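Shown next, in structure tokens, is the structure this report addresses.
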Amino acid sequence: MESRFTQQLKKGVLEMVVLCIISEKDTYGYELLQELGKRGEGFFDLKEGTLYPILYRLEDDGLIQSSWKQDPERNGGRRPAPKKYYRITDAGSRAAEDYRDIWKKFEQCVDRLCGEGEV
Amino acid sequence: MTEEQKKIKRYVNALERRLKLPLKLKVRINEDIGTEIHLRMEAGESVDEILEEMGSPEAVAERFHEEYAEYVVKKSPIRFLFLGLAAFIIIAAVLFGIVFAQSHQTEPSISIIGGADGPTSIFIAGKTENETNRNVWNTYWMSVVGLFLGCIAAYLMASYGKRGDRKQYMKCILLSAAGLILSFIPFFIPDGHVVQWSFGVGMTGITVAPGVILNLVVLVMAWIRMRKKRGDDIR
């Protein structure tokens, strides 16, 4: 079970992390969950109830936009289910840049305060 | 519908029942959860594996509630009181209406002076007993419908709580305004019959028109909440 500290840190950076992943390429909810699980090193094994509210907030704030797309038929004839793809908007790209800057400064400040390398 | 599709439908319906969030948000969530289940199935997972990994509908709903704490809708249990009252009013009104209709089935009475077929016969064209009954009947039903609308408006207000949106409060305002008008009209019609409750307080007898009071209270409350919501939206 995650410590409260890890949970709070995760809560703070989740929007930034999701926005950064979407800025790399258009993606859909399930793919995002998989990507976060794969690249998150154990920190971002999310459930739907945590990811979707983030996506809804980003969309309502105009930082991402969604659209339904259906992939072409595969061999076998069955049409795959339509997917709701999320794409970053211009405002979202600017916000992602801002978040990265703030994060870098924040990280440096915390390292200084806590004495990098010291216990 | 295949067995798998039935399981998915049951799961999504169970989730929707447990989500105490505004309707728009519930629809959005169910759409995405349903889509995700199908995408996972395409990736090769079985329905049982997917649903187990997602967690029970209660657990999923709880996670959404944590993220949307400020939107969680708390429905007051008092709403069932108004719903029960509305049902009681309809049943009582129908029974009373049947009894009333049966006891007032009379021939129209027209007063005649002089011979009915003579040149001097004068028909008194005043209000007949049938017209009086019609007024009583019509105003009675107006009053009943007014009270019924008040109960429905009160039920909706208790369901929406303090977190309803402006459209929902407007619905309550329209219902209670219509109920108030219908409850008031019988007072202005001669021989009008108003649904009223009479009770004694000490030496005094008090008569109230519940339709008027209920609709007025709901109307004022809905108006205040809608204005407050408008103020919050502007901020």
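The values are calculated or read from the model by the stated rules, or taken from the named source; none is laboratory data. This one's a predicted model, so the numbers in the text were calculated from it and none came from an experiment. Cβ atoms come from the backbone with ideal geometry, glycine included; neighbour counts cover every protein chain shown. The protein model used for the area step is the full one, side chains on, heavy atoms only, and it has no ligands, DNA or RNA in it. Shrake-Rupley method; radii C 1.70, N 1.55, O 1.52, S 1.80 Å.
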Identify all residues within region B:208-235 that are loosely packed, with under 14 Cβ neighbours inside 10 Å and either aliphatic (A, V, I, L, M) or assigned to a helix (DSSP H, G or I) (or both); write none if there are none.
B:Val208, B:Val220, B:Ile224, B:Arg227, B:Lys228, B:Arg230, B:Gly231, B:Asp232, B:Asp233, B:Ile234
Got a sec? Which of A:Ile54, A:Ile21 is under 21 Å from B:Arg40 (Cβ atoms), part of a helix (DSSP H, G or I) and in contact (Cβ under 8 Å) with a residue 40 or more places away in the chain?
A:Ile54
Qualifying residue in region A:67-85 (condition: in contact (Cβ under 8 Å) with a residue 24 or more places away in the chain and of a type in the set (D, E, K, R))
yes
Can you find a residue that is out of contact with any Ser or Thr (no Cβ under 8 Å at 6 or more places or on another chain) and on the phi > 0 side of the Ramachandran plot anywhere in region A:97-107?
no
Does B:Ser46 meet the test of being modelled with pLDDT under 90, over 30 Å from B:Ile213 (Cα atoms) and not β-branched (Val, Ile, Thr)?
no
For A:Glu73, work out the one condition from (1) at pLDDT below 95; (2) open to solvent by 100 Å² or more (accessible area, probe 1.4 Å); (3) of a type outside the set (A, V, I, L, M, F, W, C); (4) under 20 Å from A:Cys20 (Cβ atoms) it doesn't fulfil.
(4)
With the requirement that a residue be open to solvent by less than 20 Å² (accessible area, probe 1.4 Å) and of a type in the set (Gly, Ala, Ser), what does region B:159-185 give you?
B:Ser159, B:Gly161, B:Gly164, B:Ser176, B:Gly179, B:Ser183
Among the residues that make up region B:198-207, is at least one of them part of a helix (DSSP H, G or I) and at pLDDT below 85?
no
